[in-house]
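Each remark here refers to the structure printed beneath this line.
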Amino acid sequence: MRIDGILRDGRIHLSCEVFPPKKFDGIAQASAVAQEIAGLSPAFMSVTYGAAGKTPGHTLAIARAVAEAGVTPLCHLTCVQSTKEHVRTVLSEMQRAGMENVLALRGDLPREGEPEHDFTYAAELIEFIHAQGNFCVGAACYPEGHPESGGKRQDMDYLKRKVDAGVDFLTTQMFFDNGILYNFLYRALRAGINVPVCAGIMPICDARQVDRVVKLSGSIMPPRFAAIADRFADDPEAMAQAGIAFATEQIIDLIANGVTNIHLYTMNKPSITRAIVGNLSGILGKPAV
Ligand code: FAD
């Protein structure tokens with residue numbers, strides 16, 4: 001099923017993200033984890049693409065496992081370290097496997113060297129994907145601005161160009177302060193961006209994740225969450241409970257304020273996903289007002 005169709009059906013949705021293993025021998029275990037999360041009936045499940053784009057088969061294997069469990073898969077695809085020939089081959093394999101949905105990304109720039117590549121920005125990949133077949137194409141957006149963009153205004157201009165290249169829906173980088181998302185949605189609408197936006201929520205259930213998340217995403221950590229991480233850092237059970245409660249509260253506030261599509265960065269943790277889905281059991285799937 002096409003994800004843009006799901007997101008426009010007038011209901012409240014929760015989707016989930018999983019990542020594939022780095023090594024081939026981890027595929028069976030990662031597939032089992034993905035299927036356990038799929039058993040919680042998310043609206044769709046996205047499967048990330050290895051950082052350097054070297055393991056597209058792993059993404060596809062997990063996406064197949066998701067589809068076998070009866071949930072619509074979304075395959076991530078990065079381009080900054082790829083040639084057109086490579087991307088064309090990956091897309092053909094996706095088509096053969098019945099994958100209709102692709103999240104088109106630039107990928108992070110390599111730290112060293114410049115491998116052979118034909119793409120500079122995700123917008124070029126989006127145009128290329130549409131030229132290869134009838135895919136539903138999503139893209140990433142950054143409520144706090146992408147770290148390389150030179151500012152939120154500039155980033156919004158580039159996002160508009162990316163959407164105009166053929167984006168059917170957007171998924172946001174994780175954020176921990178809903179005010180940042182509301183401000184982004186307002187600016188996106190003003191820029192003429194009208195595609196559905198999935199709000200990315202990352203439950204932090206281990207205090208050691210905080211520094212890594214801030215470094216990788218550039219997200220602002222609100223003092224309220226910093227206090228939680230500080231207080232419960234040495235008590236894993238309490239930290240997990242507090243992290244789940246914080247993420248649940250964030251999601252409820254988003255839905256109460258009209259956001260209908262939530263994307264959960266599950267970090268391949270079925271227990272955390274199950275707890276959050278359980279907390280929202282009376283809310284998910286209801287008509288959006
Ligand atoms: P782009 O949209 O190309 O933007 C990259 C930068 O270039 C931005 O600063 C933008 O403002 C700027 N820019 C865009 N167009 C222009 C232009 N014409 N001229 C000048 N500047 C321009 N990474 C992975 O490796 N695998 C994954 O599976 C993965 N999944 C992700 C999922 C989500 C929801 C998100 C938010 C990120 C994900 N990432 C993933 C990380 C992503 O690859 C990085 O954030 C990357 O640095 C940017 O990718 P992009 O597609 O947003 O790039």
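List the lysines whose alpha-carbon lies under 17 Å from that of Lys160, not counting same-chain residues fewer than 8 positions away?
Here the lysines satisfying the reach criterion relative to Lys160 are Lys152.
Once you've got the Cα coordinates, tell me which of Lys22/Lys54; Lys54/Lys162; Lys54/Lys84 are over 18 Å apart.
Over 18 Å Cα-Cα: Lys54/Lys162.
Relative contact order, percent, of segment 172-289 when contacts are C-alpha pairs under 8 Å separated by at least 6 residues?
32 percent
Considering only DSSP beta bridges where both residues belong to the chain, give the percentage that are antiparallel (nearest 5).
5 percent
Between segment 1-55 and segment 125-179, what is the C-alpha centre distance in whole Å?
Using only Cα atoms, the two centres lie 19 Å from each other.
Each residue of segment 97-108 in turn: what ³J(HN,Hα) in whole Hz from Karplus with 6.51, -1.76, 1.60 and θ = phi - 60°, glycine and Pro shown as x?
Those phi angles translate into 8, x, 7, 9, 10, 10, 9, 8, 10, 6, x, 6 Hz.
Once phi is turned into ³J(HN,Hα) by the Karplus curve 6.51 cos²θ - 1.76 cosθ + 1.60 with θ = phi - 60°, what whole-Hz value does each residue of segment 233-246 show in order, with x for glycine and proline?
Each residue of segment 233-246 in turn: 3, 9, 10, x, 5, 5, 5, 4, 4, 5, x, 5, 5, 4 Hz.
Calculate the radius of gyration of the Cα atoms of segment 132-289 to one decimal place, then report Dmax, the largest Cα-Cα distance, as a whole number, both in Å.
16.3, 51
Place a +1 charge on the Cβ of each Lys and Arg in the chain and a -1 charge on the Cβ of each Asp and Glu, then give the dipole magnitude about the Cα centre in debye, rounded to the nearest 20.
The dipole of the chain has a size of about 380 debye.
Give, in nm to one decimal, the length gained when the segment between Asp108 and Arg96 is fully stretched (0.36 nm per residue of separation minus the Cα-Cα distance).
That works out to 1.6 nm of additional length.
For the chain, set up a GNM with springs between Cα atoms under 10 Å and report which of Met239, Met99, Met45 has the largest fluctuation.
Ranking Met239, Met99, Met45 by mean-square fluctuation puts Met239 first.
Pairs of Cα atoms under 8 Å, at least six residues apart: use those to get the relative contact order of segment 87-206, whole percent.
Value for segment 87-206: 23 percent.
Could you give the length gained by full extension between Met1 and Thr120, i.e. 0.36 nm per residue of separation minus their alpha carbon distance, to one decimal place? Don't skip to the end; give the middle numbers.
Details: separation 119, 0.36 × 119 = 42.84 nm, distance 2.97 nm.
Contour length minus the Cα-Cα distance gives 39.9 nm.
When you count, for each residue, the other Cβ atoms within 10 Å and take the mean per peptide, how do 245-254, 277-286 rank with the highest first? If you can, show how the numbers build up before the last one.
Details: 245-254: 18.3, 277-286: 13.9.
Top of the packing list down: 245-254, 277-286.
Long-range amide H contacts for Cys198: which residues qualify at under 5 Å (H placed 1.01 Å from N, peptide plane, sequence gap of 5 or more or a different chain)?
Leu170, Thr171, Thr172
Between Ser271 and Val214, how high is the FRET efficiency from 1/(1 + (r/R0)^6) when r is the Cβ-Cβ distance and R₀ = 41 Å? Nearest 0.05.
Efficiency at R0 = 41 Å is approximately 0.95.
Just report the Cα centroid separation between segment 267-287 and segment 74-124, whole Å.
Measuring centre to centre over Cα atoms gives 31 Å.
What residues from segment 141-175 fall in the zone where the backbone N is under 17 Å from a label point 7 Å along the Cα-to-C-beta line of Tyr186?
Answer for segment 141-175: 143-145, 152-153, 156.
By a straight-distance test (C-alpha under 17 Å), which aspartates and glutamates pair with Lys269 as possible cross-link partners, with residues fewer than eight away in the same chain excluded?
Cα-Cα hits under 17 Å: Glu17, Glu36, Asp206, Glu237.
Send over a whole-number figure in Å² for the accessible area per residue of segment 206-260, probe 1.4 Å.
Accessible surface, normalised per residue, equals 60 Å².
The values are calculated or read from the model by the stated rules, or taken from the named source; none is laboratory data. Source: prediction; values computed, not measured. Note that we place each Cβ from the backbone using ideal geometry, even for glycine, and neighbour counts take in every protein chain shown. Side chains are part of the model used for accessible areas, which takes the heavy atoms of the whole protein and leaves out ligands, DNA and RNA. Shrake-Rupley method; radii C 1.70, N 1.55, O 1.52, S 1.80 Å.
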